[in-house]
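Visitor: Just passing along the structure, written as structure tokens.
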Amino acid sequence: QVQLVESGGGLVQAGGSLRLSCAASGRTFSGYTMGWFRQAPGKEREFVAAISWSGASTYAADSVKGRFTISRDNAKNTVYLQMNSMKREDTAVYYCAGKRYGGDWFSSSSYDYWGQGTQVTVSS
């Protein structure tokens, strides 16, 4: 079992930056692919970014590519999402998720463990 706790959400102006953190506890964190998803009101949960267990490979959705960066520190059991040049459409609850085997990186159904989410609001 892996427990995930997100932090770092809040209110930011358009064009600003935030860094989300996701602290993991429980089973060996380093063996898990980690992802960030988000869900805006009235919309389905969508993929934002993911990172391999080693950190060598990362993927980001087209909507955030060039603005958001995912990273991890296995020594600290933490994964990060650096969000720059933020837009109003980035407003959502952001979730951290972890997967071990199987499935693709982009589908929420592939992930086994989820955090409780952290609210990010971008104002104009």
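The values are calculated or read from the model by the stated rules, or taken from the named source; none is laboratory data. In this text the structure is predicted, and so the values were computed from the model without any measurement. Virtual Cβ from ideal backbone geometry, glycine too; neighbours counted across all protein chains shown. We work out accessible area using only protein heavy atoms, side chains counted, and drop any ligands, DNA or RNA first. Shrake-Rupley method; radii C 1.70, N 1.55, O 1.52, S 1.80 Å.
Visitor: Hey, could you check the range 112-124 for residues that are farther than 25 Å from V2 by Cα and either of a type in the set (A, V, I, L, M, F, W, C) or part of a loop (DSSP other than H, G, I, E, B) (or both) and say which is most open to solvent (accessible area, probe 1.4 Å)?
Guide: Per the criteria, the residue is S124.
Visitor: Show me the strands (runs of 3 or more DSSP E) entirely contained within the range 1-111 in which 2 or more residues are open to solvent by 70 Å² or more (accessible area, probe 1.4 Å) and within 20 Å of S124 (Cα to Cα).
Guide: Here the list reads 10-13.
Visitor: Of the residues in the range 21-59, how many are out of contact with any helix residue (DSSP H, G or I) (no Cβ under 7 Å at 6 or more places or on another chain), free of Cβ contacts under 8 Å to residues at least 40 places away in the same chain and either small (G, A, S) or under 20 Å from Q3 (Cα atoms) (or both)?
Guide: Looking only at that region, the number is 11.
Visitor: Does any residue in the range 102-124 that is touching a residue at least 12 places away in the same chain (Cβ under 8 Å) come within less than 7 Å, Cβ to Cβ, of a residue that is in a helix (DSSP H, G or I) six or more places away or on a different chain, and which pairs are these?
Guide: Once the first residue is touching a residue at least 12 places away in the same chain (Cβ under 8 Å) and sits in the range 102-124, its partners that are in a helix (DSSP H, G or I) give V120/D90; V122/R88; V122/D90; S124/R88.
Visitor: Of the numbered conditions (1) free of Cβ contacts under 8 Å to residues at least 60 places away in the same chain; (2) within 21 Å of G9 (Cα to Cα), D62 satisfies every one except a single condition; which is it?
Guide: Only one criterion is unmet by D62, namely (2).
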